[in-house]
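Every read-out reported here was derived from the displayed coordinates using simple, explicitly stated rules and does not represent laboratory data. Every value quoted in this text rests on a predicted model; they were computed, and no experiment measured them. Cβ sites come from the backbone with ideal geometry, for glycine too, and all protein chains shown count toward neighbours.
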Amino acid sequence: MEPILQLEHLNHVYSPGTPFEHRALIDIDLSIEKGSFVGMIGHTGSGKTTLIQHLNGLLKPTSGRILYNGEDIWISKQRIHQLRFQVGLVFQYPEYQLFEETVYRDIAFGPKNMGLDKDEVDRRVRDALRFVELPERILDHSPFELSGGQKRRVAIAGVIAMEPEVLILDEPIAGLDPESREAILRNIQDYHATRNNTVILVTHNMDVAARMSDQLLVMSHGSLYLSGTPEEIFSQTEALEQTGLTVPEVTQICDHLRRRGVPMPRGLYTVEAARDALLAMRGGSSHA
Amino acid sequence: MEHDTIIRTEQLCFSYLQEEGKLPYQVLDHIDLQIERGSFVVVLGRNGSGKSTLAKHFNAINLPVSGKVWVSGMDTADEALLLAIRRQVGMVFQNPDNQLVANVVEEDVAFAPENLGIPPEEIRERVDSALATVGLSEFRTHAPYLLSGGQKQRLAIAGVLAMQPDCIVLDEPTAMLDPIGRREVLETVHSINRQRGVTVVLITHHMDEALDADRVIVMGQGTILADGTPSEIFLQVELLREAGLDAPETVKLLYALRKAGWDISLDGLFAEDCADRIAAYLQKAE
Amino acid sequence: MLSNITLGQYFPGESLIHRLDPRTKLLLFVLYIVALFLGKGLVSYAIMAIFLIVIIVMSKVPPSSLLRGLKPLWIVIIITGVLNLLFSQGQTVLFTWRRISVTLEGCYNAGFMIVRIILLVLCAFMLTYTTSPILLTDGLERLLRPFQKIGLPVHELAMMMSIALRFIPTLVEETDKIISAQKARGADFESGNILRRAKALIPILVPLFISAFRRADELAIAMECRCYHGGEGRTRLHQLKYARKDYVAYVIGIVLCVAVGILGRRFGL
């Protein structure tokens, strides 16, 4: 596996030299593998949003370097402009950025800015729409007539249509009901599986982060606090709770079971895994 | 039992006006509901289930197309009673930014009592007491936009508390908050219910917020699909799925074990209870 | 990006100037403007300037931030100065170039005009720097209340103003976010001619307007829920009350205005 994004000693200070000076990122070293699905968790104010805005060059580091495919992204202005299409960023509540008269034109905004020809833009719009499971007939509708969940999906499609190598989503399921949440997570997963692109999912929902990612990053107070596979991270309940984060509910049940003398393995976080571990414990002696 | 009911609806129907020729879309379909004074009620349902529209009937923001809504025996359709109803049933909304009126925290809390024409000395007392209840006294003179999401939402609650209402209706107050903010808001709401005896109607689609309610109402397609205690509701895994909701992970695990042949009760909503059930089952089986 | 915009900037403080009633400050501001236009010569302007400097010192507002506030106005000030310099009538011609002649009187006029504008702007800053926006709107509402009788919607105007002030930071933050999000989709706000740049603003302005309307809608409902029903029968948490210092301030203001008026109009000083 080769890294697609590398951060070296990344620091970011807001309003330096004023009374409002705030160190948002402190010496972040990080490498993100090509094709991986990375979950990023942490509280509001832990630096997650600041960090991801560095990855597509929206923010410039105060010090440190960001490498995309081994190349410094800040070597020229053109490089940054190009990077915006290689590292696609879906902001929080992206439906509030819809502006075009039709869904089609809104999704086409990114691809058009890339300077693609009409046919290619058209193909990308339809492809992106398919990924978010919306019917083609809504392409002529105004995005403002859609339901909340649909708007969110159109907005995500607008970034997917740029076909970025890295897709970053900041809290893509915030404020949605369970059904729309699942639908969007499924879309993201399908996209990742089909395109084999890199995905970075920022969320404060532990269960979602656990379930979706190969690698988890835990941010706290502007630093990268923990990093590893979900199993590794959720084996460290105490370390997580120190930052005020909670482990997934299934992990909590397993922790309680261990305290009651049931030898549950560490780092379980899905209902299925916990069930299988429990069933295995009962072995063939079960009456089932 | 009438004196124990704070909100009562009878055959409540509501629909939005549609373009001509189209059938009106029935948002609420003959709802009969009574909410007991002092209780903590959670209303669950997917987007579009009618739960927010129902809530807006509780303080006469929406009026029934047919049927009736009473707040402490007052008909919400009676315009003369409007202020009396609204000061009794306060409302908190999803987006904290869009319900704060003033530039200073205490001024915002004072907004409702000012509207009610309460004398300044008493406004002062109410403001101080409301801010203390939600734990924001130290931010008295701050600008609301500098507060965190959870703090803003607590401020919105304080603004409603200053009316000294008998009931607070919260429409997805945690949807835009992070886990810490959610916890802050839920703890505040629970303590207001316990300590001040204020009736709480909490509308949400987060299952875990319903676990320690007195009563859970599940809405779908403008009707009440289920109504009972949390354990009665959450054990109905299939029903929840149909309503576009999700059972808590605890119940899901117990349910999965049961499907695999374990003779185990689903009654363990909290992680600890769930672990107790499993541990007890394992012990018994040995 | 937009965070350095200063709108209705207020420096919280406890100085005597801060604690004056907002009505006093508003009316003194008006008196000061009147005095500025009554003043004629060096003496009256010196008095006006000293008066303002004393107030600035008393308020403990850092002078550097006042100067920073003046910065965006330099162009206006210089243009006014140059126009006065070139187009004033006068006898003592200093030099002539083509058909434009610069006179000694023109120089005086330009100088006075520049001083007048700077004093005016600084005085306005003193008002907004030492008075919170809420008190300012309160003060305005109370001062304008008599006009309610002739149908001026005073309460509504004051409420609109204070809500606008409340939402400025929220909308600034939102604009920032929308700009970043559209940039992430490759929007380019920095190149091209004016027409292209204006067009590039559409992806920012449309979402901003839609969101502003949505917010207004939700706020209106939230206000209704909190029993808002117009200005009738409304009480206030903070009642405005004149104290002795306010009366003293009024006396000083009137004395200043009269003195400068006499000096300027009578003696041309």
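Results, tabulated for the structure shown:
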{"quantity": "A:12, B:142, B:205 arranged by Cβ crowding within 10 Å, fewest neighbours leading", "calculated": "B:142, A:12, B:205"}
{"quantity": "Chain A: relative contact order as a whole-number percent, Cα under 8 Å and 6+ apart", "calculated": "21"}
{"quantity": "Globularity index of the range C:206-266, i.e. its alpha-carbon radius of gyration over 2.2 N^0.38 Å", "calculated": "2.19"}
{"quantity": "For the range B:1-122, alpha-carbon Rg relative to the globular expectation (2.2 N^0.38 Å, N residues)", "calculated": "1.22"}
{"quantity": "Span per principal axis, largest first, for the Cα atoms of the protein assembly as shown (Å)", "calculated": "115, 72, 60"}
{"quantity": "Antiparallel DSSP beta bridges within the protein assembly as shown, percent to nearest 5", "calculated": "55"}
{"quantity": "q = 0.23, 0.24, 0.27 Å⁻¹: log10 I(q)/I(0) that the Debye formula gives for the range B:161-202, counting C-alpha atoms only", "calculated": "-0.77, -0.83, -0.97"}
{"quantity": "Stokes-Einstein D (µm²/s) once Rh is taken as the Kirkwood radius of the range A:205-288 over alpha-carbon pairs, at 20 °C in 1.002 mPa s", "calculated": "157"}
{"quantity": "Sites residue B:280 and residue B:226, calculated FRET efficiency, Cβ-Cβ separation with R0 45 Å, nearest 0.05", "calculated": "0.95"}
{"quantity": "Compactness of chain B as Cα Rg over 2.2 N^0.38 Å, two decimals", "calculated": "1.09"}
{"quantity": "Zone residues, the range B:243-286, relative to residue A:259, backbone N less than 12 Å from point 7 Å out along Cα-to-Cβ", "calculated": "B:271-276"}
{"quantity": "Residue B:74-residue A:133 FRET efficiency (beta carbon distance; Förster radius 35 Å; 0.05 resolution)", "calculated": "0.15"}
{"quantity": "Shielding score for A:270-279, defined as the mean number of other chain Cβ atoms within 10 Å", "calculated": "5"}
{"quantity": "In Hz, Karplus ³J(HN,Hα) per residue of the range C:204-220 (6.51, -1.76, 1.60; θ = phi - 60°; x = Gly, Pro)", "calculated": "8, 5, 4, x, 5, 5, 4, 5, 4, 5, 4, 4, 4, 4, 5, 5, 4"}
{"quantity": "For the range A:18-148: span of alpha carbons on each principal axis (Å, largest first)", "calculated": "49, 32, 30"}
{"quantity": "At most 16 other Cβ within 10 Å, DSSP loop - chymotrypsin sites (Phe, Trp or Tyr not before Pro), the range C:209-269", "calculated": "C:242"}
{"quantity": "3J(HN,Hα) from dihedral phi, the range B:43-58, Karplus parametrisation 6.51/-1.76/1.60, rounded to Hz, x for glycine, proline", "calculated": "10, 10, x, 6, 4, x, 7, x, 5, 5, 4, 4, 4, 5, 7, 6"}
{"quantity": "Residue C:254/residue C:71 FRET efficiency (R0 41 Å; Cβ-Cβ; nearest 0.05)", "calculated": "0.80"}
{"quantity": "Residue A:24 long-range amide H proximity, modeled H, under 5 Å", "calculated": "A:12, A:13, A:14"}
{"quantity": "Estimated inter-spin distance, residue B:15 and residue C:210, nm [label 7 Å along Cα→Cβ]", "calculated": "2.9"}
{"quantity": "Overall Cα dimensions of the range B:49-203 - principal axes, largest extent first, Å", "calculated": "46, 38, 28"}
{"quantity": "Taking A:40, A:162, A:212, A:281 and counting other C-beta atoms within 10 Å, the order from fewest to most", "calculated": "A:281, A:212, A:162, A:40"}
{"quantity": "Prolate/oblate/rounded call for the range C:94-194, Cα gyration tensor, a/c under 1.5 rounded", "calculated": "oblate"}
{"quantity": "Label-point gap, in nm, between residue A:76 and residue A:27 - each point 7 angstrom along Cα→Cβ", "calculated": "3.5"}
{"quantity": "Simple label model, 7 Å out from Cα along Cβ direction - residue C:157 to residue B:267, nm", "calculated": "6.8"}
{"quantity": "Derived scalar couplings ³J(HN,Hα) [the range A:115-125; Karplus, 6.51 cos²θ - 1.76 cosθ + 1.60; whole Hz; x for Gly, Pro]", "calculated": "x, 6, 7, 4, 5, 5, 4, 4, 4, 5, 4"}
{"quantity": "Extension reserve of the residue A:190-residue A:34 stretch, reckoned as 0.36 nm per residue once the Cα distance is removed", "calculated": "54.5 nm"}
{"quantity": "Neighbour-count ranking [beta-carbon atoms within 10 angstrom, fewest first] of A:241, C:232", "calculated": "C:232, A:241"}
{"quantity": "Cα-based helix-to-principal-axis angle, A:77-86 vs chain A, degrees rounded to 10", "calculated": "50"}
{"quantity": "For the range A:7-71, diffusion coefficient by Stokes-Einstein and Kirkwood Rh (Cα), 20 °C, 1.002 mPa s, µm²/s", "calculated": "169"}
{"quantity": "Cα shape, the range C:16-267, gyration tensor, a/c 1.5 rule", "calculated": "oblate"}
{"quantity": "Gyration tensor verdict on chain A (Cα atoms; rounded if a/c is under 1.5, prolate if a/b is larger than b/c, oblate otherwise)", "calculated": "oblate"}
